[in-house]
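Following: one structure in C-alpha cells, then a few remarks.
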Amino acid sequence: MFERQLKSAGVHLLLIAYSCLAVGPILLVVMNSFKKRAAIFGSPLSFPDFTTFSLIGYNKVFSASHVVLYFWNSLVVTLVSMSLVLLLGAMAAWALTEYRFRWTTALSLYLAIGIMVPIRLGSVAILTMMRKAGLNDTLTALILVYVAQGLPMSIFILSEFVQQIPRDLRDAARCDGVPETRIFFEVIAPLLRPAIATVAVFTIVPIWNDLWFPLILTSSDSTHTITLGVQQFLGQYITDWNSVLAALSMAILPIVAIYIVFSRQLIAGLTAGAVK
Amino acid sequence: MANLRIDNLNKSYGTARVLADIGLQIPDGEFVVLVGPSGCGKSTLLRMIAGLDAVTSGDIYIGDRLVNTLAPAERKIAMVFQSYALYPHMDVRKNMTFGLKFTGVPPAERQRRVTEAARMLQLEKLLDRYPRDLSGGQRQRVAIGRAIVREPDVFLFDEPLSNLDAALRVSTRVEIARLHQMLKATIVYVTHDQVEAMTLADRIVVMNQGVIEQVGKPLDLYYEPANLFVAGFIGSPAMNFFAARVESIGAGGARVVGPTMQPMTLPAAGLAAGAELTIGVRPEHLAIGDRGDFLTSGTVELVERLGEASFAHVARADKKRLVVEIRGRETPKIGDVVTFAAGMRDVHVFDKGGRRVETVTA
C-alpha cells in the first residue's frame with residue numbers, strides 16, 4: 001500500500017516538474033508582457049506589481065501595426081487548413097481502410113513518406129511552384145502547403161480509428177441501403193469525433209506557430225500571419241520587447257480557446273481503446 | 001416475401017476454397033438454419049446471400065431475380081448481426097428509420113412501420129433511448145425491428161443470440177420463432193448452436209469445411225444422419241462411435257464384430273463381407289443391461305449429474321469416448337464395470353467412407 005503511494009507520488013512529482021518546465025516560459029512571456037521595459041530586464045522573474053505594471057506593449061501593438069489583420073490572416077489560414085485536413089484526411093482514411101483497390105498499398109506507403117520527410121526540405125520547390133502558379137504572397141499558398149503538411153499524419157491516425165469501427169456497422173448500413181457517401185458522413189464521421197478532435201489539435205498547433213512558410217511565401221503586409229507580424233518588433237539594433245511579448249501573449253489565446261473546445265473530445269480520443 | 005435459390009456457389013480467397021459447390025433451394029416462408037462448426041463457411045454463405053461478400057462463381061436468385069451483382073439494398077434482404085450493429089449515435093427510432101430514408105419510403109409510412117414493429121417487439125417505451133442505454137436483449141430486439149421495418153423478401157440472421165446470456169437466449173429464441181409464425185417470412189439463420197438450429201428450423205443445413213453435409217428437417221437429421229459428421233454434430237452429448245467389420249453374411253443377416261462391442265447381426269442389405277463399418281449409438285439410446293441387439297461394456301470413469309439425467313463417461317479398450325445417458329436417481333459408481341444395450345432401430349451404421357448405410361427397413 002505504502003509502496004504504491006510512494007510510486008504514485010513519484011509519478012506525480014515527475015509530471016509536476018514537467019508541467020513547470022512546459023508552462024514556465026509561457027508564464028514568463030505573459031507575465032512580462034504586462035511590465036514596463038525597465039522591469040522586464042530589471043527583474044524578469046517577478047510578477048508585475050503597482051510600480052512595474054504597464055499596458056504599453058498592448059497599446060503599441062494595437063496602434064502601431066496591423067496586428068488585428070495578422071490575427072485574422074492566421075485564423076483564416078489555420079481554420080481553413082484544419083478543415084481541409086480533417087475532411088480530406090478522414091475521407092482518405094476511410095477509403096484506404098474500407099476499399100481495396102490495386103494501389104491501396106502503394107498509396108499508403110506514399111503517404112507514410114509524407115510523415116517521414118519534413119515538408120521544409122521542399123521549400124525551394126514549393127516557392128518556385130507557387131510563383132509559377134501565381135500564388136505567391138497569397139493565403140491560398142499557405143493553406144495549400146499546410147494541408148499537404150498535415151494530411152499524412154492525420155490520415156495515419158484516423159486510419160487507426162476507422163479500423164476500430166466495427167465492420168458490422170458498415171455492413172448494416174449497406175444492407176439498409178445507405179449510399180456510400182452517406183455511410184461516411186452519417187455513420188462513420190460521427191463515430192470518429194474524438195479522433196477528429198485529437199487530429200485537429202495536432203494539426204492546428206504547428207500551423208498557428210509556423211514562421212517558416214509565411215516568411216518565404218508571403219511578402220506584403222496584408223498577407224502576414226501573427227508569427228511573422230511579431231517579427232517586425234524584433235529589429236537588428238533595437239527590439240521592442242514590450243510589443244513582442246504582448247503580441248506573443250495574445251497569439252497564445254486562440255490556441256488555448258481551441259484546445260478548451262476540443263479538450264473533452266481530445267481526452268476521449270487519447271484514451272480510446274484503453275478502456276473497453 | 002420470396003423464395004431463395006443458390007446454384008453451384010463457390011467462394012475462394014486466393015487459393016483457399018471456402019465454399020464448394022453449394023446448392024440450396026429455400027421455398028417462400030421457410031425458416032432455414034445453417035449450422036456447423038466455426039470456419040465451416042456458414043457465415044460467408046450468409047454474407048454472400050446478403051451481397052456483402054462477392055461470389056467467386058455460381059448464382060444466387062431471390063424470387064427468381066438473379067442478384068449476383070446487385071448491392072445488398074437492391075436484393076431486398078435485411079440482416080441481423082451478432083453484434084447488433086446498431087448506430088450508436090442514433091436513438092432507437094432513428095436506428096430503425098435511417099435506412100428507409102434512402103430507399104424511398106415516405107415519412108408517414110416510415111412512422112407506421114416503426115410503430116408496428118415496436119408493438120410487435122415491445123419496444124414502444126424504448127423508441128427515444130440510445131443503444132448505450134439498452135440491455136443486450138433490448139438491443140437485439142431493436143436490431144430485429146430494424147430488419148422488420150425494411151419489409152424484406154428474405155431475413156438473414158447471423159448468430160443473433162451468441163452475445164446474449166443463457167436465459168435471454170432462450171426467451172429471444174422463442175421470440176424469433178413467434179415472429180416467424182407471425183411474419184411468415186423466408187429466413188436464413190446462421191448459428192453454431194445446434195439447440196437453436198433444432199428448435200427454430202423448418203429445415204437445417206449442416207455445413208462442414210465449405211460443403212453441405214446434409215439438408216433436412218431437424219428430427220430427420222437426428223434420426224437419420226446422412227454421414228458420420230452429421231451424426232457426431234447433431235445431438236448432445238455427441239453420438240458414440242464403434243469401429244466394426246462385417247465378418248460374414250448369413251441367412252439371418254450380416255454378422256458384425258468389433259473390438260469394443262459384442263458381435264451383432266444386422267440386416268444384410270447394402271453390406272458385403274469384410275467391409276469396414278462404423279457403428280454409432282447416441283448416449284440417450286444406451287441403457288444399462290445386457291438384453292439388446294447392440295451390447296458394449298466398460299468401466300465407469302466419471303458421472304456427471306445434471307438432474308433430469310446423468311452422463312456416465314465410460315472407459316473402453318480403444319480409448320475412444322463412450323458416454324451414456326442415465327435417467328433416474330440410480331447412477332453407476334465410478335469403477336463399476338457395466339454393460340450397456342441398445343435396440344436395433346437406435347443403431348446407426350456408416351460405411352468406410354462415413355456414409356450412412358440403411359439397415360433397418362421397418
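Derivation of every value follows stated rules applied to the coordinates shown; laboratory data play no part. Since the model is a prediction, treat every value here as computed from it, not as a measurement. With ideal geometry, Cβ positions are generated from the backbone for all residues, glycine too; neighbour counts draw on all protein chains shown.
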Legend entry - Among B:197, B:71, B:226, residue whose mean-square fluctuation peaks in a GNM of chain B (springs only between Cα atoms under 10 Å): B:71
Legend entry - Longest segment of chain B lacking trypsin sites (Lys or Arg not before Pro) that sit in a DSSP loop with at most 16 other Cβ atoms within 10 Å: B:1-128
Inset, instruction - Report the residue, chosen from A:243, A:81, A:54, that carries the largest GNM mean-square fluctuation when chain A is represented by alpha-carbon nodes joined by springs under 10 Å. - result: A:54
Legend entry - Taking B:83, A:33 and counting other C-beta atoms within 10 Å, the order from fewest to most: B:83, A:33
Legend entry - Too-long pairs where the Cα-Cα distance tops 21 Å, listed order kept, from A:35/A:60; B:94/B:125; B:76/B:125; B:11/B:184: B:76/B:125; B:11/B:184
Inset, instruction - Quote the charge dipole size of the protein assembly as shown about the Cα centre in Debye, to the nearest 20; the model charges only the Cβ of Lys and Arg (+1) and of Asp and Glu (-1). - result: 1200 debye
Inset, instruction - Check each of the trypsin sites (Lys or Arg not before Pro) in the stretch A:64-137 and keep only those in coil by DSSP with at most 14 other C-beta atoms within 10 angstrom; list them in order. - result: A:100, A:102
Legend entry - At R0 = 25 Å, FRET efficiency that the Cβ-Cβ distance of residue B:320 and residue B:352 yields, to 0.05: 0.90
Legend entry - Options B:252, B:62, B:324, ranked by Cα towards positive dipole end of chain B, top entry (Cβ charges): B:62
Legend entry - Degrees separating the helix B:107-121 axis from the principal Cα axis of chain B, which is the longest one: 30 degrees
Inset, instruction - Just the ratio, please: alpha-carbon radius of gyration of chain B over 2.2 N^0.38 Å, N its number of residues. - result: 1.18
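Quick one: order B:331, B:15, A:218 by neighbouring beta-carbon count within 10 Å, fewest to most.
B:15, B:331, A:218
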Inset, instruction - Could you grab the relative contact order for the stretch A:1-148? Cα pairs under 8 Å, six or more apart, rounded to a whole percent. - result: 20 percent
Inset, instruction - About the Cα centre of the stretch A:56-271, how large is the charge dipole given +1 on each Lys and Arg Cβ and -1 on each Asp and Glu Cβ? Please answer in debye to the nearest 20. - result: 220 debye
Legend entry - Nearest-20 debye value, chain B charge dipole, Cβ charges on Lys, Arg, Asp, Glu: 880 debye
Legend entry - J(HN,Hα) series, the stretch B:13-30, from Karplus relation 6.51 cos²θ - 1.76 cosθ + 1.60, nearest Hz, glycine and proline x: 10, x, 8, 7, 8, 9, 10, 10, 6, 7, x, 7, 10, 10, x, 3, x, 8
Inset, instruction - Report the relative contact order of the stretch A:62-182, percent, no decimals, based on alpha-carbon pairs under 8 angstrom and at least 6 residues apart. - result: 44 percent
Legend entry - Sequence-distant lysines (8 or more away, or on other chains) whose Cα lies within less than 19 Å of residue B:352: B:320
Legend entry - Simple label model, 7 Å out from Cα along Cβ direction - residue A:49 to residue B:112, nm: 8.2 nm
Legend entry - Span-rule helices in chain A, defined as complete DSSP H runs reaching 30 Å or more along the axis (Cα) with Kyte mean at least 0.0: A:2-33, A:67-98, A:139-164, A:241-271
Legend entry - Dipole of the stretch B:238-357, positive end: most advanced residue of B:261, B:239, B:353 [Cβ charges, Cα centre]: B:353
Inset, instruction - Work out Dmax and Rg for the stretch A:1-54 from the C-alpha atoms and quote the Rg first, both in angstrom. - result: 17.2, 53
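How high is the relative contact order of chain B, in percent, counting Cα pairs under 8 Å that sit 6 or more residues apart?
Values: 760 pairs, mean separation 54.7, N = 362.
Reported relative contact order: 15 percent.
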Legend entry - residue A:5-residue B:129 pseudo-label distance in nm [points 7 Å out on the Cα-to-Cβ vector]: 4.3 nm
Legend entry - MRE, 222 nm, helices only [DSSP H, n ≥ 4, -39500 (n - 2.57), over the protein assembly as shown, to nearest 500]: -14000 deg cm²/dmol
Inset, instruction - Would you calculate the separation in nanometres between label points at residue A:212 and residue A:127, each defined as 7 Å from the Cα along the Cα-to-beta-carbon direction? - result: 1.3 nm
Legend entry - Karplus 3J(HN,Hα) series, Hz, for the stretch B:219-225 with 6.51 cos²θ - 1.76 cosθ + 1.60 (x for Gly, Pro): 6, 4, 5, 6, 8, 9, x
Legend entry - Sorted by Cβ density within 10 Å, fewest first, the residues A:259, B:189: A:259, B:189
